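Enquirer: Take this structure, written in structure tokens, and hold onto it; I'll ask about it next.
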Amino acid sequence: MSLAEIVQGCIEGKRVAQNKLYEHYHARMVGVCMRYAGSKDEAREIMNTGFLKVFQTIERFQHGDGNIDAWIYRIMINTAIDYYRKELKHRYQDDVDNHYNIKDENADAVSEMSAAELIKLVQELSPAYRAVFNLYVIDGFSHKEIAEQLNISEGTSKSNLAKARGNLQEMIRKRESFKTTSYAG
């Protein structure tokens, strides 16, 4: 079955086609969701909700007008943002209008880390910092777009990004310090 046939089958509501589309994109989309989630369970919840949205709206996808990969990717990001907003209702947000520039002093340490290690560190960030970090650094959103998506000010977006970077740098420093003391003993 070609991807176009799978998409057409999904439009027609065929379970076999939906299963094939899910299998085809599962690994890639769980990776996207892991960047926004605090745990594997949250990532699965976001991804499953995202695929439900894909199946409910796939008739809107126009084969000639776009790339199905990008369309599904965008749905997953929007689902992650929706999940974050739901969680945000219970959290306090600082509104700081400064943007702090933090230099990446840990470039060597980061280059030695695996993607899984980096994802794990990002997952340790608070939901607010994690969402802004992923949207800005990974997905290329501007602070204005992030502010609109998350219902925060641009200043809060900038501040959360700076704090996320600072927290990540501190986690990397601690990791490196632990490695050196572990090897020395």
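The values are calculated or read from the model by the stated rules, or taken from the named source; none is laboratory data. This is a predicted model, so every value here is computed, not measured. No Cβ is skipped: glycine too gets one built from the backbone with ideal geometry, and neighbour counts run over all protein chains shown.
Enquirer: Identify all residues within segment 1-16 that are of a type in the set (A, V, I, L, M) and modelled with pLDDT under 95; write none if there are none.
Expert: Those that are of a type in the set (A, V, I, L, M) and modelled with pLDDT under 95: M1, L3, A4, I6, V7, I11.
Enquirer: Mind checking which residues of segment 54-67 are surrounded by 13 or more Cβ atoms within 10 Å (Cβ to Cβ) and at pLDDT below 90?
Expert: F61
Enquirer: Return the residues of segment 22-53 that are among the hydrophobic types (A, V, I, L, M, F, W, C) and either crowded, with 21+ Cβ neighbours inside 10 Å or outside any helix (DSSP H, G or I) (or both); say none if nothing qualifies.
Expert: M29, V32, C33, M34, A37, A43, I46, M47
Enquirer: Would you mind stating whether A17 is surrounded by fewer than 19 Cβ atoms within 10 Å (Cβ to Cβ), of a type in the set (A, V, I, L, M) and more than 12 Å from the chain's Cα centre (by Cα)?
Expert: Taking the combined requirement at face value, the residue does not satisfy it.
Enquirer: Okay, next question. Is it the case, given these coordinates, that E42 is acidic (D, E) and touching a residue at least 24 places away in the same chain (Cβ under 8 Å)?
Expert: yes
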